[in-house]
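J.: What follows is a structure written as structure tokens; I'll ask about it next.
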Amino acid sequence: IVYITGGLTTCYIRYQNEKMLYTIAQIKGKCRVLREASALNEGRLVEILSSELVPGDVMVVEPGPVSCDLVVLQGQALVDESSLTGESMPVAKTPIENHHVDYDSVIHKKSTLFSGTTVLDAEKV
């Protein structure tokens, strides 16, 4: 009976975790992105769905869920990473120090906002 109860509990917890990860993966909020000048616009902020983001987009970070991995180029943000790390204290994110070096997620961890986390406060990001 103990093994059966333990097995059922493990299955239930795993199911709940997978359900939460699926929900995080489906986040499709709106975001403001700086688009380069074209025939349609003059290099201004455009509101798009997060599912329309492409690598290299420059996005304005606002409080709320983060729908993709981002690098902070300017300003700073206070982020709740508890959904990924379990850490209960918010983490401060600062701009990447050297724009001319290839990005590395380990080296630039202090400048990276991870998908599935929540921005609590953002200042000029």
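The values are calculated or read from the model by the stated rules, or taken from the named source; none is laboratory data. Everything quoted here is computed from the prediction, not taken from an experiment. Note that each Cβ is placed from the backbone with ideal geometry, even for glycine, and that neighbours are counted across all protein chains shown. The accessibility values were calculated without ligands, DNA or RNA, using every heavy atom of the protein model including side chains. Shrake-Rupley method; radii C 1.70, N 1.55, O 1.52, S 1.80 Å.
J.: Taking the chain as the region of interest, what is the percent of Cα-Cα pairs per 5 angstrom bin, listed from the shortest bin to the one with the maximum distance?
T.: 2, 10, 16, 19, 17, 13, 8, 5, 4, 3, 2, 1, 0, 0
J.: What percent does the relative contact order of the chain come to when contacts are Cα pairs within less than 8 Å and at least six residues apart?
T.: Values: 197 pairs, mean separation 31.5, N = 125.
Computed over the chain, the figure is 25 percent.
J.: Moving on to the next point. Carbon-plus-sulfur fraction of the accessible area of the chain, 1.4 Å probe, in percent?
T.: Here it works out to 58 percent.
J.: With only Lys, Arg, Asp and Glu charged, each at its Cβ (+1 for the first two, -1 for the last two), find how big the charge dipole of the chain is about the Cα centre; round to the nearest 20 debye. Could you put the intermediate results ahead of the total?
T.: Values: 11 positive and 16 negative charges, 65 e Å.
Dipole of the chain, to the nearest 20 debye: 300 debye.
J.: Just need the relative contact order of the range 53-125 here, percent rounded to a whole number, with Cα pairs under 8 Å and 6+ apart.
T.: On the way: 136 pairs, mean separation 35.3, N = 73.
Taking the mean separation of contacting Cα pairs over the length of the range 53-125, I get 48 percent.
J.: For the chain, take the longest principal axis of its alpha carbons; what is the angle in degrees between that and the long axis of helix 2-25, to the nearest 10 within 0 to 90?
T.: The helix 2-25 is inclined about 10 degrees to the chain.
J.: At 1.4 Å probe radius, can you tell me the per residue accessible area of the chain in Å²?
T.: Heavy-atom SASA per residue in the chain reads 74 Å².
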